[in-house]
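Following: one structure in structure tokens, then a few remarks.
The values are calculated or read from the model by the stated rules, or taken from the named source; none is laboratory data. Bear in mind the structure is a predicted one, so any value in this text is a computation, not a measurement. In this analysis, Cβ positions are derived from the backbone assuming ideal geometry, glycine residues included, and neighbour counts consider all displayed protein chains.
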Amino acid sequence: MKREAPAWLGELQARFAAAIRTPLERASGTLTAPLSAYDPRLVQALGGAAAKAPQRLAVYNRQYWFRLFDALQTAFPLTARLLGYWSFNDYAGRFLLTHPPRGWNIDEVPSGFDAFFADALQCEDPGRRRALIESARIDAAWRAVFAAEKTPVFRPSDADAARLLDAQLVPSDAVRFVEEHGPLVELRRLLAREPSTGALALPSPLPHSRWWAIAGVGDGVATLPLEAREAELLTLLGRLSIRSALARLEQACTLEERAHLPQRTRAWLARSVAAGFWSAVSFAG
Amino acid sequence: MDFVSRESEKLRRARGLASSAMGLGLRAPHYTHLFEHEPELDYFEVISENFLAPSPTARQRLGRVKAGYPIVLHGVGLNLLGHAPLDEAYLEALCRLADAVDAPFVTDHLCWTGAHGVSHHDLLPVPYLPELVELAAERAFEVQRRLGRPFGLENLSSYVEFSGSTLTEWEFYSAVVRAADCWSLLDVNNIYVSSQNHGFDPDRYLAGVDFSRVLQVHLAGHTRESDGTIVDTHDHPVSDPVWALYARAWKMGGPFPTLIEWDAHIPPMPEVLAQLARAAEVHG
């Protein structure tokens, strides 16, 4: 029969956990919690203030936060560098207060940070705001692609080809499509060569937005530029049948665009299949 | 007594490594050097959690490492002394990973890491009490049974101690390992760190270790903070006092496999391997 832990252990661990999750204060510029913030009953159980218990609890307290800050900085390197680590850690801390780690896998801790950040971001400059939110989306896409299982790539058979129009393509987990209004994807690639923690200057906006496919290739991540309409089609294909997606795209195009659309959509579709953007095809429904 | 006769057959089988094997804690920055140069090393130790739910890249890399070296698993997420029962899904995944790499042995820490549904991703101490010896031993026994291979517990480095403890740390540690009939992963740096933080004699700790149960010894660097607290940062070379303590451990209980951990500000792999060369000098 499995022995249960004594009830007092659960209570002690709850107090200890509360102490090490005490938010760090930013006012001093050093990210520490005031020693008076720790539960006096816990301090007493650790031998009291005379035994340096509060100072030693502070070691665990800072380790907790900085280990998790590091996990978030690693998962969102572009966002962290554009904000600067000091500012990024503020958002990370607020995220972690509402999304504390729930399991043994520290790589899961950053999940959902991009959505949180888009809601929480305080930035009055609309251009900078858009770039920061895009940077978090790009980081999240990169992270998802890197972690994705390499599923078999869809290659249509002759039998598929005959009825493909009414089928729906199943997107590969190892591909994401992202839009940027500044050269953020290129900037993210350069970060690995320039380790630093200071805030990077935001790159100048592009004349027009750009789309990229971020895709797992071999044991790395590749970026492929997409035309805007191509990205629109690929996004539609992820949720509609090929026939419906093509119709929806045609509706969105200008008359001039429509003149070349059949030729271009065939090329885009062929390219997406060749690049492994689809893992399967569904004929259901 | 010579070294060969000191290593019992049971211990030799449990280790599954040469008695003086030299190993390295494998971290992501090592891969490039490792795959290009295939350094002479007896084994690698990997952090279990990095491969329990691995990215395809991580799994592919682990496969390449396994082709050339024995791999032992070292966990940081078992939560052996958490108030909640052991995580069954975690254990199942750990068993699968150990089978996949055919790990000679698996280790984790004598500590708790999470409580009330929140994981802290840190190795946290408990009061050293007979009541918790029984709890930890029962769980460690079960982990070893489930793994079907030797399971070792690592002694903790700590920054606080509980006034209610009735056992010393080494009494607690040895009692758990003995009662669980499992094994030890003795971290000499951790002994030194805790001895400095809590004011005990590290040699008394060593004297309390049952070396017939030591699967391997860990060495790592640490950082001394401005208030004198030593933090187990694994971001420096092994310090001279730790080398001296290691030499005394070797004299008392060697030979044993020895592994270097370097987890932050990781230098080029040859610099890390130089630490192992220094360990070999201690062996004489």
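List of remarks:
- Only listed residue being farther than 26 Å from residue A:129 by Cβ and crowded, with 21+ Cβ neighbours inside 10 Å, chosen from A:19, A:45, A:37: A:19
For every residue, the table says whether it meets (1) under 16 Å from the mean Cα position of the chain (by Cα); (2) buried (at least 22 other Cβ atoms within 10 Å of the Cβ); (3) in a loop (DSSP other than H, G, I, E, B).
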position: B:179; (1), (2), (3): no, no, no
position: B:196; (1), (2), (3): no, no, no
position: B:216; (1), (2), (3): yes, yes, no
position: B:219; (1), (2), (3): yes, yes, no
position: B:227; (1), (2), (3): no, no, yes
position: B:249; (1), (2), (3): yes, yes, no
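- Region B:45-58 - residue that is buried (at least 22 other Cβ atoms within 10 Å of the Cβ) and of a type outside the set (S, T, N, Q) and, of those, farthest from the other protein chains (Cβ to nearest Cβ): B:45
- Some residue of region A:194-212 being under 28 Å from residue B:32 (Cα atoms) and within 14 Å of another protein chain (Cβ to nearest Cβ): yes
- Residue A:73 vs. criteria more than 10 Å from every other protein chain (Cβ to nearest Cβ) and in a helix (DSSP H, G or I): yes
- Within region B:229-247, restricting attention to residues that are assigned to a loop (DSSP other than H, G, I, E, B) and out of contact with any Gly (no Cβ under 8 Å at 6 or more places or on another chain), the residue that is nearest to residue B:268 (Cα to Cα) is B:232.
- Some residue of region B:102-122 being out of contact with any strand residue (DSSP E or B) (no Cβ under 6 Å at 6 or more places or on another chain), closer than 18 Å to residue B:185 by Cβ, more than 8 Å from chain A (Cβ to nearest Cβ) and assigned to a helix (DSSP H, G or I): no
- Check on residue A:89, under 30 Å from residue A:182 (Cα atoms), among the polar types (S, T, N, Q) and in a helix (DSSP H, G or I): yes
- Residue list for region A:76-86, restricted to those being in a helix (DSSP H, G or I) and surrounded by fewer than 16 Cβ atoms within 10 Å (Cβ to Cβ): A:86
- Sole residue being farther than 21 Å from residue A:271 by Cβ and in a loop (DSSP other than H, G, I, E, B), chosen from A:202, A:187, A:240: A:202
- Yes/no for residue A:114 being over 26 Å from residue B:159 (Cβ atoms) and in contact (Cβ under 8 Å) with a residue 24 or more places away in the chain: yes
- Region B:254-275, residues that are under 15 Å from residue B:188 (Cα atoms) and buried (at least 21 other Cβ atoms within 10 Å of the Cβ): B:254, B:256, B:257, B:258, B:259, B:260, B:261, B:262, B:275
- Residue A:71 being more than 22 Å from residue B:117 (Cβ to Cβ), touching a residue at least 12 places away in the same chain (Cβ under 8 Å) and either buried (at least 23 other Cβ atoms within 10 Å of the Cβ) or among the small types (Gly, Ala, Ser) (or both): no
Rundown of residues vs (1) out of contact with any Cys (no Cβ under 6 Å at 6 or more places or on another chain); (2) acidic (Asp, Glu); (3) more than 30 Å from residue B:126 (Cα to Cα); (4) more than 14 Å from chain A (Cβ to nearest Cβ), yes/no style:
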| position | (1), (2), (3), (4) |
| --- | --- |
| B:7 | yes, yes, yes, yes |
| B:27 | yes, no, no, no |
| B:36 | yes, yes, yes, yes |
| B:63 | yes, no, yes, no |
| B:100 | yes, no, yes, yes |
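- Per the listing A:48, A:10, the residue uniquely within 11 Å of chain B (Cβ to nearest Cβ), more than 17 Å from the chain's Cα centre (by Cα), more than 27 Å from residue B:80 (Cβ to Cβ) and free of Cβ contacts under 8 Å to residues at least 12 places away in the same chain is A:48.
- Yes/no for residue A:224 being modelled with pLDDT of 95 or more, assigned to a loop (DSSP other than H, G, I, E, B), in contact with a strand residue (DSSP E or B) (Cβ under 8 Å, 6 or more places away or on another chain) and surrounded by fewer than 19 Cβ atoms within 10 Å (Cβ to Cβ): no
- The set of residues in region A:13-44 being within 32 Å of the chain's Cα centre (by Cα), at the interface with chain B (Cβ under 8 Å from one of its Cβ atoms) and of a type outside the set (Phe, Trp, Tyr) consists of A:13, A:14, A:17, A:20, A:21.
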